[in-house]
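This report concerns only the one structure given below.
The values are calculated or read from the model by the stated rules, or taken from the named source; none is laboratory data. Remember, predicted model here, so these are calculated numbers, not experimental data. All Cβ positions, glycine included, derive from the backbone under ideal geometry; neighbour counts span all protein chains shown.
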Amino acid sequence: MAGMEWLGRGGNYIAAASGVHIPMSQAAGVTFFVFLDAGTETLTLKESIDGASEQNLATITKYYKGPGVGGTWTKVTQSAAATVDPNPDDATNDCIAVFVSAAELSDGFNCLEMTASAGTCAAVLSDLRVARDPANLASSVV
């Protein structure tokens, strides 16, 4: 779809995504961006069935950290877990990016949720299954 803007064609955006159930039926994955200028935070990934029957989804094995003002991303690896505890002593890298594929959902589960204990959390849904005009996008939340 030449000339079509990114919103609706390539993805969708949720500015206030912490604790929001995001249906994954219309996207291949979602990247959560969490920013905390100073302090400590914990990120927790959960899956649900239409926003109910929540359970932790222990599939996070890597994430990226970088400066909130832009710059170089640094890859961080960890054992598979449902949580990310970014290094609170790293004042430069105050932004975290975590990608979760829809394929990581357990059988029967259809929504993802990232909760940030502090800071702001946004979500970018990627590889939409159907490209639409932004005004015609399906709801990105349950």
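Quick one: how many residues across the stretch 48-101 are surrounded by 16 or more Cβ atoms within 10 Å (Cβ to Cβ) and among the charged types (D, E, K, R)? Total satisfying the criteria: 2.
Once the stretch 25-80 is narrowed to residues that are among the polar types (S, T, N, Q) and in a loop (DSSP other than H, G, I, E, B), the residue that is nearest to Ala91 (Cα to Cα) is Thr40. Going by the structure shown, is Ala122 out of contact with any helix residue (DSSP H, G or I) (no Cβ under 8 Å at 6 or more places or on another chain) and surrounded by 15 or more Cβ atoms within 10 Å (Cβ to Cβ)? Considered against the rule, which asks whether it is out of contact with any helix residue (DSSP H, G or I) (no Cβ under 8 Å at 6 or more places or on another chain) and surrounded by 15 or more Cβ atoms within 10 Å (Cβ to Cβ), Ala122 comes out as yes.
Results for (1) of a type in the set (D, E, K, R); (2) within 14 Å of the chain's Cα centre (by Cα), shown as yes or no for each residue.
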residue	(1), (2)
Gly10	no, no
Ala15	no, yes
Ala27	no, yes
Val30	no, yes
Glu41	yes, no
Leu57	no, yes
Lys62	yes, yes
Val69	no, no
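Remark: pairs (first residue in the stretch 43-64, under 18 Å from Asn110 (Cβ atoms); second residue at pLDDT below 95 and in a loop (DSSP other than H, G, I, E, B); Cβ separation under 8 Å; 6+ apart in sequence or on different chains) = Ser48/Val142; Asp50/Val142; Gly51/Val142.
On inspection, Gly39 does not qualify as at pLDDT below 95 and within 23 Å of Gly11 (Cβ to Cβ). Residues of the stretch 113-142 that are in contact with a strand residue (DSSP E or B) (Cβ under 6 Å, 6 or more places away or on another chain) and polar (S, T, N, Q): Thr115, Thr120, Ser126, Ser140.
So that you can scan it fast, the table gives a plain yes or no per residue for (1) within 20 Å of Ala81 (Cα to Cα); (2) at pLDDT 95 or above; (3) not in a helix (DSSP H, G or I):
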residue	(1), (2), (3)
Ala103	yes, yes, no
Ser106	yes, yes, yes
Leu112	yes, yes, yes
Thr115	yes, yes, yes
Ala118	yes, no, yes
Val124	no, yes, yes
Arg132	no, no, yes
Ala138	no, no, yes
